[in-house]
Amino acid sequence: YTKGADSTILPVLAQCAVESEEYQHRERTLQQLDLYARQGLRVLLISKRVLNPIEFSEWYTEHQECEMSTDSREKKIRESFGLLERNLTLLGATGIEDRLQENVPETISGLRSAGIVVWVLTGDKTETAINIAFSAKLFHSQMEILKLTARSRDAAESCIKFYMDEIEK
């Protein structure tokens, strides 16, 4: 089972015929997803793939090799999981209201007043993280927001060094 944004899940769904029940299910789910998004809800698609024991065993053997690798380990692991996350069957969609816990804005304000530096790290879309940071009063309109998006440790390190050099100037 897996969940993710529509932009992540839709491309890895198994092919289906236009007249099939699966196709009709997808169309209804996408209509519901659109409705949820228009209501301002956070949306995710849910999907699955059934593996027989032999398929899983073959994948797992190769995956263990990726985990033991010292060369491009993160990339190999990501690619290994990509082998599982394909030919998925769409199960449905979720739409939830994304609210902060009580006193989050006040707590963050107190931390910042005490001189504590607060970072926003997220696996969400950048826009979602920024909106949440504004609602939590972590960001305000006079702030300069530096967006660091990277898919690897080396890329993140390079981006951080770039921003640090710019800040020091």
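The values are calculated or read from the model by the stated rules, or taken from the named source; none is laboratory data. Note that the structure is a prediction, hence the values are computed from the model and not measured. Here the Cβ is made from the backbone with ideal geometry for all residues, glycine too, and neighbour counts use every protein chain on show. Note: accessible area is taken over every heavy atom of the protein model, side chains too, but ligands, DNA and RNA are not part of it. Shrake-Rupley method; radii C 1.70, N 1.55, O 1.52, S 1.80 Å.
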Q: Only residues that are in a loop (DSSP other than H, G, I, E, B), of a type in the set (A, V, I, L, M, F, W, C) and more than 18 Å from the chain's Cα centre (by Cα): list them for region 96-120, please.
A: Leu100, Ala114, Ile116, Val117, Val118
Q.
Please go through region 96-107 and give me each residue that is open to solvent by less than 80 Å² (accessible area, probe 1.4 Å) and aliphatic (A, V, I, L, M), ordered by number.
A. Leu100, Val104
Q. Inside region 144-169, can you point out the residues that are without any contact (Cβ under 8 Å) to a residue 24 or more places away in the chain and of a type in the set (Ser, Thr, Tyr)?
A. Thr149, Ser158, Tyr163
